[in-house]
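Working notes, structure below.
The values are calculated or read from the model by the stated rules, or taken from the named source; none is laboratory data. All values reported here derive from a predicted model rather than from experimental measurement. Counting neighbours? That spans all protein chains shown, and the Cβs are built from the backbone with ideal geometry, glycine included.
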Amino acid sequence: MIRKISSLLLVGTLASTANAEKFDLDALIEAAKAEPPLSVYDSTGKIKKQAEAFAKKYGIETTGTKIKAGANIKMVVSEAKANNVRSDVVIISDVPAASAQLLKTGYTYSYVPEDMADKIPSQFRSPLVVSNSPVVWSYNTALNDTCPVDNIWALTDPEWKGHVSMPDPLNKSVYTDFFNQISMHHDQVIADAYEAHYGKPLKTDLNNATEAFVAALAANQPLLTNSDSDVAAAVGAPDSSENFIGIMSSAKFRENKNGMKLGICDTIKPMTGLLYPKFMMITKGTDSPNAAKLFVHYMLTEEGYAPQAIDGKISTNIDNKIPAQEPSGVASHLDELLKYDTTTAQDDWASRQEWQDLWALARAGQL
């Protein structure tokens, strides 16, 4: 059984409230107002709305910019090496790359507001994880009363050849990272799922059950896309006449209000999906350090995080709940989602090429 996720999101070794008593929000606000305008970066367009709301609330000129994780990291590194830091707060979902290229090098640092420390479970504080984003197996509710798959190994069977859709793991590293996470922490679960599906123990020439699953999935020629939006279109198109199972961000379920027919595959074992974290960091050398800290504080509040919470992205502040109107219903399935272990992010970074090679070879029929 995959470890219980909701309990890990809601509890943890919480910090003492002593530091919270020393925290002076009013003093931070006054110091922030005396600094230059603030620039914040994230991979979601919602950051623009959040920056505008922050600026309106505190009277601090703030610009939010949507930027992909790789480009964000490259920008921070380039600014640091040129001694020309322009970015102030960066929010990055590529945890292994951020760990290796930003935090380890000292180009960014993690800050947890003292009055928030007792609200953030310990596993999300060092470095600060601002949120965990669900990626879920999904199906077309117009073609099926329930999810037509009950085991991830079914996706490797001839019945689903060419009818599984997902972002290309060679282009979206969250998948190769999770291949490694599963291999390191949950391989026996994958082996058990094989035996449950086929009625016999797994025998493989590869190193473990996870590698065997990844190779089998790749060899079954899934429909690979450039984005989660394309996966959503393949799976949930209202006029579709053929079944696809896909894995995508729960944020894409917002398109159901526009006619999309997406449902969470809550019957699929051993996991309904994944939770991947986002680091929120301050750049070393920012000329607006207090404004940056204030923005971090704001993003940890219910008000500040609301624009992303509505997409099912889960704040690490235990006081901030998933909104009832979140369209996917993922709040009911947190126990079924695999949680990313940030303590082994460096292993994920080091093994990316190996997983990409395995995927490419298996897809080409060369294993």
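Determine if the stretch 81-91 includes at least one residue that is more than 24 Å from PRO37 (Cα to Cα), at pLDDT 95 or above and assigned by TED's automatic domain parsing to the domain that holds VAL296. Within the stretch 81-91, none of the residues are more than 24 Å from PRO37 (Cα to Cα), at pLDDT 95 or above and assigned by TED's automatic domain parsing to the domain that holds VAL296.
For every residue, the table says whether it meets (1) over 25 Å from the mean Cα position of the chain (by Cα); (2) surrounded by 22 or more Cβ atoms within 10 Å (Cβ to Cβ).
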| site | (1), (2) |
| --- | --- |
| ASN132 | no, yes |
| CYS147 | no, no |
| ASN151 | no, no |
| ASP187 | no, no |
| TYR194 | yes, yes |
| GLY199 | yes, no |
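Within the stretch 220-240, can you find the residues that are in a helix (DSSP H, G or I) and touching a strand residue (DSSP E or B) at 6+ places or on another chain (Cβ under 7 Å)? Listed by number, the residues that qualify are ASP228, VAL231, ALA232, ALA234, VAL235, GLY236.
Taking PRO169, is it buried (at least 17 other Cβ atoms within 10 Å of the Cβ), in the same structural domain as SER229 (by TED's automatic domain parsing) and assigned to a loop (DSSP other than H, G, I, E, B)? For PRO169, the condition - buried (at least 17 other Cβ atoms within 10 Å of the Cβ), in the same structural domain as SER229 (by TED's automatic domain parsing) and assigned to a loop (DSSP other than H, G, I, E, B) - is met. Among the residues of the stretch 31-60, those identified as buried (at least 16 other Cβ atoms within 10 Å of the Cβ) and touching a Pro at 6+ places or on another chain (Cβ under 6 Å) are LYS46, GLN50.
Answer yes if at least one residue in the stretch 49-60 is within 19 Å of the chain's Cα centre (by Cα) and at pLDDT 95 or above, and no otherwise. Taking every residue of the stretch 49-60 in turn, at least one turns out to be within 19 Å of the chain's Cα centre (by Cα) and at pLDDT 95 or above. Do you know which of the residues in the stretch 66-85 that are assigned to a helix (DSSP H, G or I) and in contact (Cβ under 8 Å) with a residue 40 or more places away in the chain is surrounded by the most Cβ atoms within 10 Å (Cβ to Cβ)? Out of the qualifying residues, it is VAL76.
Conditions (1) within 21 Å of VAL130 (Cα to Cα); (2) not in a helix (DSSP H, G or I), marked per residue:
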{"site": "GLU242", "(1), (2)": "no, yes"}
{"site": "GLY263", "(1), (2)": "no, yes"}
{"site": "ASP266", "(1), (2)": "no, yes"}
{"site": "LYS278", "(1), (2)": "yes, yes"}
{"site": "SER328", "(1), (2)": "yes, yes"}
{"site": "ALA345", "(1), (2)": "yes, no"}
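For the stretch 104-130, the tally of residues that are surrounded by 17 or more Cβ atoms within 10 Å (Cβ to Cβ), within 11 Å of PHE279 (Cα to Cα) and hydroxyl-bearing (Ser, Thr, Tyr) stands at 2.
This table checks each residue for (1) surrounded by fewer than 22 Cβ atoms within 10 Å (Cβ to Cβ); (2) touching a residue at least 60 places away in the same chain (Cβ under 8 Å); (3) polar (S, T, N, Q).
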{"site": "ASN256", "(1), (2), (3)": "yes, yes, yes"}
{"site": "LYS284", "(1), (2), (3)": "yes, yes, no"}
{"site": "GLU302", "(1), (2), (3)": "yes, no, no"}
{"site": "ILE310", "(1), (2), (3)": "yes, no, no"}
{"site": "ILE314", "(1), (2), (3)": "no, yes, no"}
{"site": "ARG352", "(1), (2), (3)": "yes, yes, no"}
{"site": "ARG363", "(1), (2), (3)": "yes, yes, no"}
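Only residues that are out of contact with any strand residue (DSSP E or B) (no Cβ under 8 Å at 6 or more places or on another chain) and either touching a residue at least 60 places away in the same chain (Cβ under 8 Å) or not basic (Lys, Arg) (or both) were counted across the stretch 34-65, and they come to 8.
Per-residue answers, yes or no, for (1) under 23 Å from VAL174 (Cβ atoms); (2) of a type in the set (A, V, I, L, M); (3) in the same structural domain as LYS57 (by TED's automatic domain parsing):
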| residue | (1), (2), (3) |
| --- | --- |
| CYS265 | yes, no, no |
| LYS284 | no, no, yes |
| ALA291 | no, yes, yes |
| ILE314 | yes, yes, yes |
| ASP319 | no, no, yes |
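Cβ separations smaller than 6 Å between residues 6+ apart or across chains give the following pairs from the stretch 103-119 residues that are charged (D, E, K, R) to residues that are part of a loop (DSSP other than H, G, I, E, B) and surrounded by fewer than 18 Cβ atoms within 10 Å (Cβ to Cβ): GLU114/PHE23; ASP115/PHE23; ASP118/LEU14; ASP118/THR17; LYS119/ILE318; LYS119/ASP319.
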